[in-house]
Each structure stands twice: as C-alpha cells, then as structure tokens.
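The values are calculated or read from the model by the stated rules, or taken from the named source; none is laboratory data. Predicted model only: the values in this text are computed from it and were never measured. Note that we place each Cβ from the backbone using ideal geometry, even for glycine, and neighbour counts take in every protein chain shown.
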C-alpha cells in the first residue's frame, strides 16, 4: 500500500525560495563568467555555478515522495532510492500532529524538500524524521529507534501499519 507525502506550507515556501535563490545564483554566475579574470574564473565558477547547482541536486535526491508499507517493511520513497524500516522491530505507532513541535535538528534537512535527518525534543528524545508535513506526523517506535513520517492520511496509515505489524 502506498501513501503520499504532501508538502506543508513551510516546505513549499522554504523549497521555493531556496530553489529560486540557487537558480538565480547559477544564472548570475554563468552570465558573469566572461567578466572574471582568468586566474579567479575557476574559483568563481565553482562558487557561483557548481556549488549551488550541486546543492540543489543533492538536496533533491533526499526528497521524500511517499511511503510504501509491505508485509514486513516500511519504505520511504526518495528520488531514485528508498530508506527501509523493518516492521518486525516496531513496538508502537501513533498519529501525533505535535510530535515534531519544539524539535532541534541535530543533523539533517530542515525544510528544503522535506524535514529529514536526526532531530531531538523533550517529548520523544532523539528521533529520525522522514517528513514533509509535521502536522501529519506519525510516530513509529522501534526497539532501537524512533522515527517520524508524515503520510497523507495519518489515521489510515496507522491502522494499516498496525495490521501489517500485528500490533
């Protein structure tokens, strides 16, 4: 069963503004290449064209496109790859629209295409986020970690995962 991963307003804004800025930077860099002296042109090209384009491409690869629940796995679909979580290790699953509230990002992406990576808050402690809309948060507690996903229909997702995991 596949569940979509709709973007929150904040992800749309952060992504839109960041992508616009990076594209403008690349266009500006390309348009100014002829004006740059030969000694500094490689550094300028790297800083103004290659780095912003690379940041955009790498960030897009981490984008969350949806979630697939199989008989024994939860697959977080990315652009060209997927993250896997073993449902045999699942202890509990519940929808909680406030789960990501007051979280500190310790390592990850904070709104460019998604909220993804390692986060921490007082409610959950350390957790991994694979979310596109924090208000649709579903908390999955495994034996060795806690994860948050944000499917389009959190209650249906919880019911389906509970059925598959035998909870």
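Does region 29-41 contain at least one residue that is modelled with pLDDT of 90 or more, within 26 Å of residue 110 (Cβ to Cβ) and either in a loop (DSSP other than H, G, I, E, B) or out of contact with any strand residue (DSSP E or B) (no Cβ under 9 Å at 6 or more places or on another chain) (or both)? No: region 29-41 contains no residue that is modelled with pLDDT of 90 or more, within 26 Å of residue 110 (Cβ to Cβ) and either in a loop (DSSP other than H, G, I, E, B) or out of contact with any strand residue (DSSP E or B) (no Cβ under 9 Å at 6 or more places or on another chain) (or both).
Condition check: surrounded by 12 or more Cβ atoms within 10 Å (Cβ to Cβ) and either at pLDDT 95 or above or closer than 30 Å to residue 166 by Cα (or both). Does residue 51 satisfy that? No.
Can you name every residue in region 75-93 that is touching a helix residue (DSSP H, G or I) at 6+ places or on another chain (Cβ under 6 Å) and under 13 Å from residue 161 (Cβ atoms)?
Step one: list which residues in region 75-93 are touching a helix residue (DSSP H, G or I) at 6+ places or on another chain (Cβ under 6 Å), which gives 79, 87, 90, 93.
Selection gives 87, 90, 93.
For region 127-167, the set of residues classified as in a strand (DSSP E or B) and free of Cβ contacts under 8 Å to residues at least 60 places away in the same chain consists of 127, 128, 129, 138, 139, 141, 142, 146, 148, listed by residue number.
Here are some residues: 119, 142. Which one is at negative phi, modelled with pLDDT of 95 or more and more than 18 Å from the chain's Cα centre (by Cα)? Full working, then the answer.
On the way: 119 fails: more than 18 Å from the chain's Cα centre (by Cα).
Of 119, 142, the one residue that is at negative phi, modelled with pLDDT of 95 or more and more than 18 Å from the chain's Cα centre (by Cα) is 142.
Out of region 65-122, which residues are in a loop (DSSP other than H, G, I, E, B) and within 19 Å of residue 18 (Cβ to Cβ)? Show your work before the answer.
Of all residues in region 65-122, those in a loop (DSSP other than H, G, I, E, B) come to 65, 70-72, 78-81, 96-103, 111-114, 122.
65, 78, 79, 111, 112, 113, 114, listed by residue number.
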